[in-house]
Amino acid sequence: MTLGIHEISHNFPFGHHKALWNRWFGIFANLPLGVPYSVSFKRYHMDHHRYLGADGIDVDIPTDFEGWFFCTTFRKLVWVVLQPLFYAFRPLLINPKPITSLEIINTVIQIIFDIIVYYVFGVKSLVYMLAASLLGLGLHPIAGHFISEHYMFLKGHETYSYYGPLNLLTFNVGYHNEHHDFPNIPGKNLPLVRKIAAEYYDKLPQYNSWIKVLYDFVMDDTIAFGILANTILLLFLVMTLFQEHRHKPANMITGLLALSHIVMLLTMAFMATDILGSQSFWEDFTCRSVISLYRLMRSVSICATCHLSILQAVILSPRSSCLSKFKHKSLHHNSCCFLSLWSFYMSISGYMSFIVATPNVTSHILILITKSCSLWLFSGLIRHLLCVLAVVRDAVLVGLMALSSVYVVAVLCRHKRQSQYLHSASISPRASPEQRAICIILVLLSFFVVMYCLDCIAFSLRSMWNNDPTHHCVQMFVSSGYATLSPLVFISTEQHIINFLKTMQGGQ
């Protein structure tokens, strides 16, 4: 369906003289995907044809950071699996555009359709629809066209065609050189273009298997191994710390956030050894130590994110704002602010359950964390009271983050309006710095809230899942989502970090 939407974006079904009909047809074709896609794809895909490969404009092409970071076999495999997410969030971070009425309509219609599917066919059908979209655009043979089209396997050749049998199912999207040369010719006629100009196209590099493209891309090991995203962020912040005469509070908090994420991920990997069956070294002390360390780092991550949101609001506040008087507070004051948030979080979390080693023990008041470790929950009124307090705690922290982010967005919008009076209003295809900052803030906030809510829901539903080990792994992946991807956003927005890493790689 996504390739059908690609054909519709070029106005092939009803012609260019009935462009609005094509947009409505695209919205209809979008329904089975589960997420609104068609109208936004049209806007950005036209930029892909006009500004092919232009940095900051063509968002169909992976960013320099993606190309640099996802360079090992494992990381490229992760990128292929999560490719739909990168495809969705890349425009918001690199070249955000104002939302149009058609995009709002596309979103509303898609949400209504998803709700209908949920009520008529149940949650499994909705999950299947969304999972099929994720798989079809990720680790799937046909998804190989994303890589085959513009991945530079041979230097000097930026666009490649595929002439295999899967073109019959994909509107001849494999004829990509032909498509870029003649974007107004429908896919069904692209083989004829190749036939007419065979002396030109047959000499160009080409593919006959998208599966081989995926294999070659993932298994290509010509690029040296790099370091993990959180470690990159932390090391660079440490280097900055020694170079600065006056330490920036935001860098300190970001470094603490990166450190907590590193420890969280290492702890989760350690817990995974028990989930996967290596239980020889697990006993009561190990259970208490590992899970307590994970809970501690998770609390630090949540509170550091909240503090960072508040700190950004203070830093960007104008002089007339009441927040401006907090701008020049010392590191001691910022530390006290973070410790206050952390104490508030732990005052409730620390008493909700006890950690015990329970191999081969089941109980309705036990929630398995690994095969050998469980949380012993309180029962009765105390348990419900603590759950209510936890909801209040989460609402307060997420509310502070939301208010801070909304305030920052409002300040940036105001600054953008004021700057328009000082600079020429020339139209540029590139996004303004304010637009990029606003989208980065909203993406970070939205991603944190979504992942945090999914984590809480998955944890609360464990008793309904009868502590199935499969769901343990699912929750671990959900829990690690924010810790894994958030540093990529920080690094991708810091051009001096990317330049520094490119310099290091070039020196090697």
Fully extended, how many nm does the chain gain between residue 55 and residue 390 (0.36 nm per residue separation, minus their Cα-Cα distance)?
116.1 nm
If only Cα atoms are counted, what is the Rg of the range 1-207, and what is its Dmax, in Å?
17.5, 56
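Out of the range 137-210, which trypsin sites (Lys or Arg not before Pro) are coil in DSSP terms and have no more than 16 other C-beta atoms within 10 Å?
Values: sites: 155, 188, 194, 195, 203; in loops: 155, 203.
Here the trypsin sites (Lys or Arg not before Pro) that fit, given the DSSP loop and packing criteria, are 155, 203.
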Between beta-carbons, use under 12 Å as the cut-off and find the net charge around residue 204, counting Lys and Arg +1, Asp and Glu -1.
-3
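Rounded to whole Å and sorted largest first, what semi-axes of the equivalent ellipsoid does the C-alpha gyration tensor of the range 55-153 yield via the square root of 5 times each eigenvalue?
On the way: eigenvalues 162, 79, 21 Å².
Square roots of five times the eigenvalues give 28, 20, 10 Å.
Quick one: net charge around residue 35, please, counting Lys, Arg +1 and Asp, Glu -1 for every other residue with C-beta under 13 Å from its C-beta.
Values: positive: none; negative: 103, 114.
Local net charge: -2.
Suppose the chain between residue 131 and residue 163 were pulled fully straight at 0.36 nm per residue; how much longer would it get relative to their current alpha carbon spacing?
Details: separation 32, 0.36 × 32 = 11.52 nm, distance 2.83 nm.
Contour length minus Cα-Cα distance gives 8.7 nm.
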I need the calculated FRET efficiency for the pair residue 335 and residue 446, taking r as the beta carbon distance and R₀ as 35 Å, to the nearest 0.05.
0.80
Computed for the range 1-207: size of charge dipole around the Cα centre, +1 on C-beta of each Lys and Arg, -1 on C-beta of each Asp and Glu, debye to nearest 20, value 320
Sequence of 342, 24, 79, 68 when ordered by accessible area, the most exposed leading, probe 1.4 angstrom:
24, 342, 68, 79
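Taking only the Cα atoms of the range 1-93, how large is their convex hull per residue, in Å³?
On the way: hull volume 9.2 nm³, N = 93.
Taking only Cα atoms, the range 1-93 has a hull volume of 99 Å³ per residue.
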How long is the gain from residue 85 to residue 16 if the chain were fully straight, where each residue apart is worth 0.36 nm and the alpha carbon distance is subtracted?
21.8 nm
Once you've got the Cα coordinates, tell me which of 97/188; 124/188; 42/195; 188/212 are over 30 Å apart.
97/188; 124/188
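So, by mean Cβ neighbours within 10 angstrom, what's the order for 401-408, 301-308 with the highest one leading?
Numbers: 401-408: 18.8, 301-308: 24.4.
In decreasing order of mean packing, 401-408, 301-308 become 301-308, 401-408.
The values are calculated or read from the model by the stated rules, or taken from the named source; none is laboratory data. Here the structure is a predicted model, which means the values were calculated and not measured. Positions of Cβ are backbone-derived with ideal geometry, glycine not excepted, and every protein chain shown enters the neighbour counts. Side chains are part of the model used for accessible areas, which takes the heavy atoms of the whole protein and leaves out ligands, DNA and RNA. Shrake-Rupley method; radii C 1.70, N 1.55, O 1.52, S 1.80 Å.
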